[in-house]
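In what follows, a single structure is set out as structure tokens and then discussed.
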Amino acid sequence: MRDLESCVRFLQELIRVPSLPGDEGALAARVAAEMRRLGYDEVWTDEAGNVIGLIRGRGLAPAVMFNTHLDHVDVGDPKAWPYPPHAGERHEGRVWGRGAVDIKGPLAAQIHGVAAHFRGGERPPGDIFVTCVVQEEVGGVGARHLVRHLRPPYVVVGEPSSNGLRRGHRGRVELVVHVKGRSAHASAPERGVNPLRVLANVIAGLDALPMRRHPELGPSSVAPTLIRTDQRSANVIPGEAWLTCDWRTVPGESAEDARRALQALVNRSLVEGATASVTVPTTTYTSYTGFSFDVPASHPAYLLPEDHPALVAARRVLAGVLPAAPPVETWRFATDGGHFAQEGLTVIGFGPGDEGLAHTVQESIAVEELEKALAGYAALAYEWPMHL
Ligand SMILES: [Zn+2]
């Protein structure tokens, strides 16, 4: 009970420290201070600003990384919230505010949960790393950098799952179609080559594109989302136009696979005198430490088989500390787990909080759910590794 109250107080404090992507410095310092207070063997921050805490194990089992992120999405209009978004107030058995579910609730539960037995004088069987990364909400900068220097074989991603197990999700790729035509006075369309005609053909052809299908995650999908031209005048035929498509990939489908499929449609959609290319855009992000990272707009899908031994063992271990064996499902959204899985790490998901409340003005987490997550994380740190 004392552990739970101290975890809740920590979560309330975290919500009171805003941490938009690129501005996580103050929160990172608070998180690192908590790890030190709890007696973690080592606590450090890498050059991207990711906070990493280590509890050394007894060398009897593989290392496990518990992972969440430091940033959150914007609060929007604070007046639309039932309680102030950065107050961390407690009402109706819940803690309210931006980040309560995504992801400060799971973050607080991981940091406190894996340290519970340790504070009682017992070391975990294997090394435990707790990592809180930067800029998950904008391209996964922190996770992409983290796996370059820290690669424990097993990962528990704490994105909200209502304390159920998660074993994967579809991926996401942004594709930009760039069409070059020829500009002309709009009163004489025959003198120009209108790139929007090509984009009209592309958009009309999207629904007929053959999509890959995954037996468990269903088909990949594509949706046109943004369109722009090089023109601001309504009476000029543009010379160039851009169309962004959001493509959700299934495991085994790479960003390049998606790009090639769209390029083939674009080639078939050309009109005389126009040329076009399809690319995955890259954006440069700078973290609060001044670290710059070029990030392609591509987040890999991943899926662990339902009978994977690590997943089966996690379910059994969690069944021992939760009221029932947790359901095993997939996430609707993409997570940093895709970046870890792509590097060959085995990734499972387990986190408190209702994912349906993430990114909404109703964001709040039940204290009761935090309590179960604390027990769950302790079991995943102390029992699960013995079965890996
Ligand atoms: Zn998240």
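Derivation of every value follows stated rules applied to the coordinates shown; laboratory data play no part. Bear in mind the structure is a predicted one, so any value in this text is a computation, not a measurement. Quick reminder, even Gly has a Cβ in these numbers, built from the backbone with ideal geometry, and neighbours come from all protein chains shown.
For the pair Asp207 and Glu42, how long in nm is the line joining their label points, each one 7 Å along Cα→Cβ?
In this crude spin-label approximation the distance works out to 5.7 nm.
7 Å from Cα along Cα→Cβ at both His178 and His91: what's the point-to-point distance in nm?
Using points 7 Å along Cα→Cβ, the separation is 5.0 nm.
Which one of Gly171, Ser277, Gly192 is farthest out on the positive end of the charge dipole of the stretch 171-284, using unit charges on Cβ (Lys, Arg +1; Asp, Glu -1) and the Cα centre as origin?
Of the candidates, Gly192 comes out farthest on the positive side.
In sequence order, what are the phi-derived ³J(HN,Hα) couplings for the stretch 93-98 according to the Karplus relation 6.51 cos²θ - 1.76 cosθ + 1.60 with θ = phi - 60°, rounded to whole Hz, with x for glycine and proline?
Using θ = phi - 60°, the values come out as x, 10, 9, 9, x, 4 Hz.
Find, among the trypsin sites (Lys or Arg not before Pro) in the stretch 38-110, those assigned to loop by DSSP (not H, G, I, E, B) with at most 12 other beta-carbon atoms within 10 angstrom.
The qualifying sites are Arg58.
About the Cα centre of the chain, what is the dipole size in debye to 20, counting +1 per Lys and Arg Cβ and -1 per Asp and Glu Cβ, all else neutral?
For the chain, the charge dipole is close to 460 debye.
If you filter the stretch 108-176 for GluC sites (Glu not before Pro), then keep DSSP loop positions with at most 12 other Cβ within 10 Å, what is left?
Glu122
Using Cβ counts within 10 Å as a stand-in for footprinting exposure, how do Asp23, Asp71 rank, fewest first?
Taking fewest neighbouring Cβ atoms as first place, the list is Asp23, Asp71.
Based on alpha-carbon centroids, what's the gap between the stretch 122-191 and the stretch 325-388 in Å, whole number please?
About 17 Å separates the Cα centre of the stretch 122-191 from the one of the stretch 325-388.
Which angle from 0 to 90°, rounded to the nearest 10, does the C-alpha axis of helix 367-382 make with the longest principal axis of the chain?
The answer is roughly 80 degrees.
Where the centroid of each part is defined by its Cα atoms, how far is the stretch 200-276 from the stretch 1-74 in Å?
Rounded to whole Å, the Cα centres lie 40 Å apart.
For Cα pairs less than 8 Å apart in space and 6+ apart in sequence, what is the mean separation divided by the residue count of the chain, i.e. the relative contact order in percent?
26 percent
Compute a Gaussian network model of the chain, connecting alpha carbons closer than 10 Å, and tell me which residue from Pro238, Pro18, Pro160 fluctuates the most.
Pro238
Given Cα pairs under 8 Å that are at least 6 residues apart, what percent is the relative contact order of the stretch 275-358?
Taking the mean separation of contacting Cα pairs over the length of the stretch 275-358, I get 23 percent.
Gain in length, Glu122 to Val361, computed as 0.36 nm per residue apart minus the alpha-carbon separation, to one decimal in nm?
Contour length minus Cα-Cα distance gives 82.0 nm.
What FRET efficiency comes out for Arg260 versus Glu329 if R0 is 25 angstrom and r is the Cβ-Cβ distance? Round to the nearest 0.05.
The calculated FRET efficiency here is 0.20.
Please build a GNM for the chain, connecting alpha carbons under 10 Å apart, and tell me which residue among Gly59, Gly25, Gly113 fluctuates the most.
Gly59
Dipole magnitude of the stretch 171-284 about its Cα centre, charges +1 at Lys/Arg Cβ and -1 at Asp/Glu Cβ only, in debye to the nearest 20?
Dipole about the Cα centre, nearest 20: 160 debye.
Just Ala276, Ala109, Ala373 to compare: in a GNM of the chain, with alpha carbon springs under 10 Å, which one fluctuates most?
Largest GNM mean-square fluctuation: Ala276.
DSSP beta bridges in the chain, what fraction antiparallel, as a percent rounded to 5? Working shown, then result.
Details: 53 of 69 bridges.
Roughly 75 percent of the beta bridges in the chain run antiparallel, per DSSP.
Strictly greater than 23 Å: what percent of every Cα pair in the stretch 171-284 meets that?
32 percent
Can you tell me the equivalent ellipsoid semi-axes for the chain? Use √(5λ) from the Cα gyration tensor, largest first, whole Å.
43, 23, 18
What are the ³J(HN,Hα) couplings of the stretch 10-20, residue after residue, when phi is run through the Karplus curve with 6.51, -1.76, 1.60 and θ = phi - 60°? Round to Hz, x for glycine and proline.
My calculation for the stretch 10-20 gives 4, 4, 4, 5, 4, 5, 7, 10, x, 8, 5 Hz in order.
Nearest 500 deg cm²/dmol is fine: what mean residue ellipticity at 222 nm does the chain get from its DSSP H runs of n ≥ 4 alone, each adding -39,500 (n - 2.57), divided by its residue count?
Counting only the DSSP helices, I get -8500 deg cm²/dmol.
Give me a comma-separated list of calculated 3J(HN,Hα) values for the stretch 275-281, in order, Karplus coefficients 6.51, -1.76, 1.60 applied at θ = phi - 60°, integers in Hz, x for any Gly or Pro.
Calculated HN-Hα couplings, in order: 10, 7, 9, 10, 9, 9, x Hz.
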